[in-house]
Amino acid sequence: MGLGRAERDSNVIKDNSDNSVTIRLAQNSDDFELLTPLSRSLHAEGRYRNYPYNLERRNALFAKVIEQPDRNALFIAEKREKAIGFLFCSIGPYMVGDHLIATVTSYYVSPSVRRGLSGGEAALRLFKGFAAWALKRNAVELQVHAATGIDPDRTDKFLKRMGFQEFGRSYAIRPLEPNGKAGEAKR
């Protein structure tokens, strides 16, 4: 499958079919509002579901795409003008270098379409949009942080089919539970 040859100037990826999935960049706060049900669904399904959902924090994060569009992007996957997925990414220099790394911080495809053709098309097009955006900004590497805990084996398979290589793992410990009580490390 792979990312293929990403177009450097593409803001929308679409074919001419009425059934196709369209990918576009978020442009304003109306787009953020459009994604509220999906971001709430991501939160409810993901590993952070025991923590309160903070819409203001989400809006502040998404606002970065308006404030710093050369450094941040929010792609929206739509089918028949309904949001079915999104991908939030950023680009910046490596900690001790000048080369630019583009990073997917969060991506999500609605469970209602995830396992069907539209879900696969949405995921593929979101990542192709990300690749085109990153190449336009001269990224030397694309990274994905898949830390939601949502179907990690399927995510791993998808990303490897896209050409990504695993380079590490994520680890977490909860010294305090959301209620303030001491947590236990799971073995």
Which length gain, in nm to one decimal place, applies between Ser112 and Glu141 when the Cα-Cα distance is subtracted from 0.36 nm times their residue separation?
7.3 nm
Amide H of Val144 versus every other amide H placed in the peptide plane: which residues, excluding those fewer than 5 positions away on the same chain, fall under 5 Å?
Val104
Kirkwood Rh over alpha-carbon pairs of region 24-123, then Stokes-Einstein at 10 °C and 1.306 mPa s: what D in µm² s⁻¹, rounded to an integer?
110
Highest mean first, how do 91-101, 164-174 rank when packing is the count of other Cβ atoms within 10 Å averaged over residues?
91-101, 164-174
Within region 48-78, name every residue whose backbone N is under 14 Å away from a label modeled 7 Å from Cα of Ala172 along the Cβ vector.
48-53
Could you check how much of the accessible area of region 27-167 is carbon and sulfur, as a whole percent, using a 1.4 Å probe?
51
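The values are calculated or read from the model by the stated rules, or taken from the named source; none is laboratory data. Please read all numbers here as calculations on a predicted model, not as lab measurements. Glycine also receives a Cβ, built like all others from the backbone with ideal geometry; neighbour counts cover every protein chain displayed. SASA here: full protein model, heavy atoms, side chains in, ligands and nucleic acids out. Shrake-Rupley method; radii C 1.70, N 1.55, O 1.52, S 1.80 Å.
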